[in-house]
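This report concerns only the one structure given below.
The values are calculated or read from the model by the stated rules, or taken from the named source; none is laboratory data. Keep in mind that what you see is a predicted model, and the values were worked out from it rather than measured. In this analysis, Cβ positions are derived from the backbone assuming ideal geometry, glycine residues included, and neighbour counts consider all displayed protein chains. All accessible areas refer to the heavy atoms of the entire protein, side chains included, with ligands and DNA or RNA removed. Shrake-Rupley method; radii C 1.70, N 1.55, O 1.52, S 1.80 Å.
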Protein chains: 2
Amino acid sequence: MPNTKESDPAKKGRPRSAEVEKAILKAAATLLAERGFKAFTIEEVALRAKVGKPSIYRRWQSKGTLALDAFLTQYVPLLPPINTRSLTGDLQAALTAWIQAVDGTTMGRSLVGLIAEAQSDPDLAIAWHERFISTARGQHRLMIERAIEREEIPRDSDVDVLMDMLYGPAYHRLLNGHLPFNERSVQEVVEVIVAGAKSRSAAPS
Amino acid sequence: MPNTKESDPAKKGRPRSAEVEKAILKAAATLLAERGFKAFTIEEVALRAKVGKPSIYRRWQSKGTLALDAFLTQYVPLLPPINTRSLTGDLQAALTAWIQAVDGTTMGRSLVGLIAEAQSDPDLAIAWHERFISTARGQHRLMIERAIEREEIPRDSDVDVLMDMLYGPAYHRLLNGHLPFNERSVQEVVEVIVAGAKSRSAAPS
């Protein structure tokens with residue numbers, strides 16, 4: 001029989017490992033939403049999840065990576081895969097879902113806090129890239145690639161640049177706060193991207 | 001005669017106020033470039049500028065606003081006003097100058113550190129907006145407005161959205177580091193913006 005020290009709830013009356021992890025992530029997400037990233041501490045998460053700090057450090061290497069996982073647990077379900085069968089429809093739906101998730105929400109505050117922290121926490125920057133950016137971009141890429149397959153936009157379109165032209169302005173406004181990013185902004189951005197990407201069809205290749 | 005305690009160099013052999021300010025800004029810029037924002041302290045700036053900490057606190061309310069002014073002193077001269085008499089030319093020149101200023105440079109590291117810090121320092125966020133964002137956008141806006149005057153793009157173009165579509169993708173890559181923002185990215189972004197903005201001419205208004 002394998003080692004059951006961590007996994008057998010009957011043995012010591014302790015919750016099983018998966019439940020501990022769930023409790024930690026829930027406490028972390030609540031704390032992050034309530035206090036923001038700067039006031040987020042492993043001590044407070046341990047207290048709220050009713051676990052010892054070693055239970056947290058066994059699973060996460062820093063407060064940044066714990067906060068990231070707690071954030072993703074709540075954020076990812078808000079951004080489901082989209083397929084409206086048109087590029088305009090897909091881009092509008094994706095960006096509208098993003099606004100609903102982050103505009104004026106604690107989720108948006110957590111997102112901004114994590115991006116800020118990743119600038120000076122190399123572990124978090126790596127985790128941010130592996131667990132969030134890569135996954136999100138993998139999903140967004142499909143919208144552009146399907147538009148190429150449908151011959152809505154030319155085959156030589158720069159998929160990465162088009163993705164950054166969709167989300168870049170939105171993140172830019174979220175981080176700098178110079179203007180709100182609203183439904184009207186979504187329409188304008190999507191209109192320019194789609195018209196601009198299509199117009200290259202006419203250009204000599 | 002007015003109070004000369006601060007301004008008369010002969011009186012106590014102290015440098016005049018403008019020189020003190022210049023020395024502080026220079027020391028701050030050097031420290032910021034060498035160590036990044038996290039390791040930037042008023043103490044160290046005072047030591048390097050050979051002034052007392054009160055001389056700094058009299059002029060700047062926080063390390064964030066001092067770092068911002070030090071940054072702007074060096075950054076702003078790298079981004080001169082541009083006028084090539086074509087929208088494509090203007091946008092390419094502006095974004096290329098931005099890349100040269102920040103890509104892999106200490107200036108770029110300072111820029112990223114300031115944006116990150118502004119997320120949790122309200123004084124810096126206000127100063128960032130008043131002394132940087134407003135000024136920069138005022139300058140960038142001219143490029144789009146001149147294109148409207150030349151009738152290159154329609155009169156009802158959303159100037160703010162077009163500016164964010166130019167700089168948003170660049171800042172997005174700088175902050176998330178998922179891909180480099182290079183000469184090729186500049187060309188792609190500008191091509192989509194200009195073609196997209198122009199194509200709205202054909203649309204019913």
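What does the C-alpha gyration tensor say about the overall shape of chain B? Classify as rounded when a/c is under 1.5, otherwise prolate if a/b is larger than b/c, or oblate.
It is prolate, given that a/c is not under 1.5 and a/b is the larger ratio.
Calculate, for A:Arg184 and A:Thr41, the FRET efficiency according to 1/(1 + (r/R0)^6) with r their C-beta to C-beta distance and R0 30 Å; round to the nearest 0.05.
FRET efficiency, A:Arg184 to A:Thr41: 0.15.
At A:Ser86, with labels set 7 Å past Cα in the Cβ direction, how many nm apart are the copies from this one, shortest first?
Those label-point separations list as 3.3 nm.
Could you grab the relative contact order for the range A:107-205? Cα pairs under 8 Å, six or more apart, rounded to a whole percent.
Relative contact order of the range A:107-205: 24 percent.
Report the residue, chosen from B:Tyr167, B:Tyr75, B:Tyr57, that carries the largest GNM mean-square fluctuation when chain B is represented by alpha-carbon nodes joined by springs under 10 Å.
Among B:Tyr167, B:Tyr75, B:Tyr57, the largest mean-square fluctuation in the Gaussian network model of chain B belongs to B:Tyr57.
With every protein chain left in place, what is the accessible area of A:Ile115 in Å² (1.4 Å probe, nearest 10)?
Its accessible surface works out to 10 Å², give or take rounding.
State the Cα centre-to-centre distance between the range A:170-201 and the range B:164-189 in whole Å.
The range A:170-201 and the range B:164-189 have Cα centres separated by 14 Å.
How much accessible surface does B:Lys198 have with a 1.4 Å probe, in Å² rounded to 10?
Counting only protein heavy atoms, B:Lys198 exposes about 90 Å² to solvent.
With a cut-off of at most 10 other beta carbons within 10 Å, and DSSP calling the residue loop, which trypsin sites (Lys or Arg not before Pro) in the range B:84-163 qualify? Please list them.
B:Arg85, B:Arg155
Can you list, shortest first in nanometers, how far A:Glu43 lies from the same residue in the other copies, with each label 7 Å from Cα toward Cβ?
Ordered by increasing distance: 2.1 nm.
Using a Gaussian network model of chain B with C-alpha springs under 10 Å, which one of B:Leu111, B:Leu95, B:Leu175 is most mobile by mean-square fluctuation?
Taking springs between Cα atoms under 10 Å, the residue moving most is B:Leu175.
Taking only Cα atoms, what is the 0 to 90° angle, nearest 10, from helix A:134-149's long axis to the longest principal axis of chain A?
Orientation of helix A:134-149: about 20 degrees from the principal axis.
If I fit a long axis through the Cα atoms of helix A:106-118 and take the longest principal axis of the Cα atoms of chain A, what angle between them do I get, 0 to 90°, rounded to 10?
Its long axis makes an angle of about 90 degrees.
What does the copy distance list look like for B:Asp103, label position 7 Å along Cα→Cβ, in nm and ordered from shortest?
3.3
I'd like the orientation of helix B:159-176 relative to chain B: the angle between its Cα long axis and the longest Cα principal axis, in ° from 0 to 90, rounded to 10.
Taking the Cα atoms of chain B, the angle to B:159-176 is about 60 degrees.
If you count only protein heavy atoms and use a 1.4 Å probe, how large is the accessible surface of B:Glu188, to the nearest 10 Å²?
Approximately 20 Å² of B:Glu188 is accessible to the 1.4 Å probe.
Strictly over 29 Å apart at the Cα level, which of A:Lys53/B:Lys53; A:Lys38/B:Lys63; A:Lys63/B:Lys22 would you flag in this model?
Over 29 Å apart, Cα to Cα: A:Lys53/B:Lys53; A:Lys63/B:Lys22.
In deg cm²/dmol and to the nearest 500, what is the mean residue ellipticity at 222 nm of the protein assembly as shown if only DSSP H runs of at least 4 residues count, each as -39500 (n - 2.57), divided by the residue total? Mind dumping the intermediate values first?
Values: 22 runs with 271 residues, N = 410.
Per the formula, -20500 deg cm²/dmol.
Would you please classify the overall shape of the protein assembly as shown from the alpha carbon gyration tensor, given that a ≥ b ≥ c denote the square roots of the eigenvalues, rounded means a/c under 1.5, and beyond that prolate means a/b larger than b/c while oblate covers the rest?
Working: a/c = 2.40, a/b = 1.03, b/c = 2.34.
Note, shape of the protein assembly as shown comes out oblate.
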